[in-house]
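Student: If you scroll down you'll find the structure; I have some questions about it.
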Amino acid sequence: GAGVSQSPSNKVTEKGKDVELRCDPISGHTALYWYRQSLGQGLEFLIYFQGNSAPDKSGLPSDRFSAERTGGSVSTLTIQRTQQEDSAVYLCASSRGLDTYEQYFGPGTRLTVT
Amino acid sequence: AQKVTQAQTEISVVEKEDVTLDCVYETRDTTYYLFWYKQPPSGELVFLIRRNSFDEQNEISGRYSWNFQKSTSSFNFTITASQVVDSAVYFCALSEAQQAGTALIFGKGTTLSVSS
């Protein structure tokens, strides 16, 4: 079946612009996760959704980051007023539920802020 | 606090050699899960294995085997008779049952290079 998909695969933006990153989880997966992978910080957890709800936003790096999920499916990670330190690969993962701990990852969106 | 340490940053081997990737974890939870993921040059993280804290049995899957030892808080991964296609970055990760959302805490990864 189809895996997790993310778009765009690459995004180059100018400092100060807003960007939206999209994630389509595996069909039927209720839990969705966003991670960021950068050279300096490795793989770091950002936020998770159970259904459309994100109970804990403390992993988001700053208030410029926000995420939403609609219809229990597609999720969007928005970064406002991008900064160069936001450059990273943003990875989305999904799992059948919070009690099922195998997370399946998408190919990621490589964000470059110039 | 939870933490995953992969002390080996890079490992280089020649095909057919066996190689072991080390993973040491820290957690205060009694219920937790350990994972290994593979990230080939294409970039997509591939799930390899999940192990819960109550199951210390070693596992073998083809050329892959995992050794879980709670006494030393280690979850090591061995590739037998390595192949060039095994070249990738390998990540060990921890998830705690008490932690909301069961987010994965990753180690820094070990880059494995297998030459022919």
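Student: Inside region B:63-91, can you point out the residues that are closer than 18 Å to B:Thr9 by Cα, part of a strand (DSSP E or B) and not hydrophobic (A, V, I, L, M, F, W, C)?
Tutor: Residues satisfying the conditions are B:Ser74, B:Asn76, B:Thr78, B:Tyr90.
Condition check ((1) modelled with pLDDT of 95 or more; (2) crowded, with 17+ Cβ neighbours inside 10 Å; (3) part of a loop (DSSP other than H, G, I, E, B); (4) away from every other protein chain (no Cβ under 14 Å)) across all residues:
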residue: A:Gly1; (1), (2), (3), (4): no, no, yes, yes
residue: A:Val12; (1), (2), (3), (4): yes, no, no, yes
residue: A:Lys15; (1), (2), (3), (4): yes, no, yes, yes
residue: A:Glu20; (1), (2), (3), (4): yes, no, no, yes
residue: A:Trp34; (1), (2), (3), (4): yes, yes, no, no
residue: A:Gly40; (1), (2), (3), (4): no, no, yes, no
residue: A:Phe45; (1), (2), (3), (4): no, yes, no, no
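Student: Considering region A:60-97 alone, what residues qualify as being within 24 Å of B:Gln39 (Cβ to Cβ) and within 11 Å of another protein chain (Cβ to nearest Cβ)?
Tutor: A:Val89, A:Leu91, A:Cys92, A:Ala93, A:Ser95
Student: If B:Glu44 meets every condition in (1) under 12 Å from the mean Cα position of the chain (by Cα); (2) within 14 Å of chain A (Cβ to nearest Cβ); (3) surrounded by 16 or more Cβ atoms within 10 Å (Cβ to Cβ) apart from one, which number is that one?
Tutor: Of everything listed in (1) under 12 Å from the mean Cα position of the chain (by Cα); (2) within 14 Å of chain A (Cβ to nearest Cβ); (3) surrounded by 16 or more Cβ atoms within 10 Å (Cβ to Cβ), B:Glu44 misses just condition (1).
Student: Right, next: Being touching a residue at least 40 places away in the same chain (Cβ under 8 Å), crowded, with 20+ Cβ neighbours inside 10 Å and in contact with a Cys (Cβ under 7 Å, 6 or more places away or on another chain) is true for just one of B:Phe91, B:Phe75. Which residue is that?
Tutor: On the way: B:Phe91 fails: in contact with a Cys (Cβ under 7 Å, 6 or more places away or on another chain).
The conditions single out B:Phe75.
Student: Can you pull out every residue in region A:59-114 that is in contact with a helix residue (DSSP H, G or I) (Cβ under 6 Å, 6 or more places away or on another chain), under 15 Å from A:Lys11 (Cα atoms) and surrounded by fewer than 21 Cβ atoms within 10 Å (Cβ to Cβ)? Even if it seems obvious, please write down each step before you answer.
Tutor: Within region A:59-114, the first condition is being in contact with a helix residue (DSSP H, G or I) (Cβ under 6 Å, 6 or more places away or on another chain), and the residues that meet it are A:79, A:98, A:101, A:113.
Filter once more, so that each one left must be under 15 Å from A:Lys11 (Cα atoms): A:79, A:113.
Result: A:Val113, single match.
Student: For B:Thr5, indicate whether it is touching a residue at least 60 places away in the same chain (Cβ under 8 Å), surrounded by fewer than 17 Cβ atoms within 10 Å (Cβ to Cβ) and over 30 Å from A:Leu111 (Cα atoms). Break it down into steps so the answer makes sense when it comes.
Tutor: Values: touching a residue at least 60 places away in the same chain (Cβ under 8 Å): yes; surrounded by fewer than 17 Cβ atoms within 10 Å (Cβ to Cβ): yes; over 30 Å from A:Leu111 (Cα atoms): no.
In short, no.
Student: On the basis of being part of a strand (DSSP E or B), without any contact (Cβ under 8 Å) to a residue 40 or more places away in the chain, surrounded by fewer than 19 Cβ atoms within 10 Å (Cβ to Cβ) and within 10 Å of the chain's Cα centre (by Cα), does B:Ile60 make the cut?
Tutor: Values: part of a strand (DSSP E or B): yes; without any contact (Cβ under 8 Å) to a residue 40 or more places away in the chain: yes; surrounded by fewer than 19 Cβ atoms within 10 Å (Cβ to Cβ): yes; within 10 Å of the chain's Cα centre (by Cα): no.
In short, no.
The values are calculated or read from the model by the stated rules, or taken from the named source; none is laboratory data. As the structure is a prediction and not an experimental result, all values here were calculated from the model. Cβ: placed from backbone, ideal geometry, glycine included. Neighbour counts: every protein chain shown.
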